[in-house]
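Let me begin by presenting the structure, written as structure tokens, before commenting on it.
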Amino acid sequence: MSEQHLTEETRPSAGHVDAGDAGYSKSLKSRHVNMIAIFWRKTQKGELTRPGYRLPGSPWTEIVTLAFLASVLVLMYADGGPGRTTVLCLPLIVAALVAGWFAIRGGIADKSTTGAGA
């Protein structure tokens with residue numbers, strides 16, 4: 001399709017961010033922050049030792065990233081249209097991901113203990 005045939009409605013958005021991508025990134029970052037908190041508590045109790053390399057700016061860089069991703073979701077919702085629909089569907093997407101994880105985690109545990117696929 002040539003550029004002449006693209007209308008404002010069919011032209012792809014240059015800065016389009018899918019809410020699924022933003023939600024996934026936010027989920028990963030929030031899990032990472034939780035893991036850091038658990039790791040930090042265990043190191044304070046002496047149960048674990050800290051590695052030699054430490055991420056510069058941690059945990060503040062994770063918090064800033066989560067704030068950015070939250071602002072992306074807010075802006076997508078405020079824009080309306082497909083962005084709002086996608087943001088409103090995020091609970092369904094998260095529920096499907098959680099259900100899928102619980103559905104397959106037993107098989108993954110079995111494979112890891114038997115060494116299948118290694």
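Quick check: net charge around Thr43, other residues with Cβ under 15 Å of its Cβ, Lys/Arg +1 and Asp/Glu -1? Don't skip to the answer; put the middle values down first.
Numbers: positive: Arg41, Lys42, Lys45, Arg50, Arg54; negative: Glu47.
Summing Lys and Arg as +1 and Asp and Glu as -1 gives +4.
Calculated FRET efficiency, Ala95 and Thr49, Cβ-Cβ r, R0 30 Å, to nearest 0.05?
Values: r = 38 Å, r/R0 = 1.27.
That pair, Ala95 with Thr49, gives E of 0.20.
Using 0.36 nm per residue of separation minus the Cα-Cα distance, give me the extension gain between Val64 and Asn34 in nm, one decimal.
Details: separation 30, 0.36 × 30 = 10.80 nm, distance 1.47 nm.
Between Val64 and Asn34, full extension yields 9.3 nm more.
Hey, rough spin-label estimate for Ile104 and Ser71, points 7 angstrom out along Cα→Cβ, what's it come to in nanometres?
Reported label-point gap for Ile104 and Ser71 is 3.5 nm.
Bear in mind these aren't lab numbers, they're just calculated from the coordinates by the rules spelled out. Since we're looking at a predicted model, the values are computed, not measured. We place every Cβ from the backbone using ideal geometry, glycine too, and count neighbours over all the protein chains shown.
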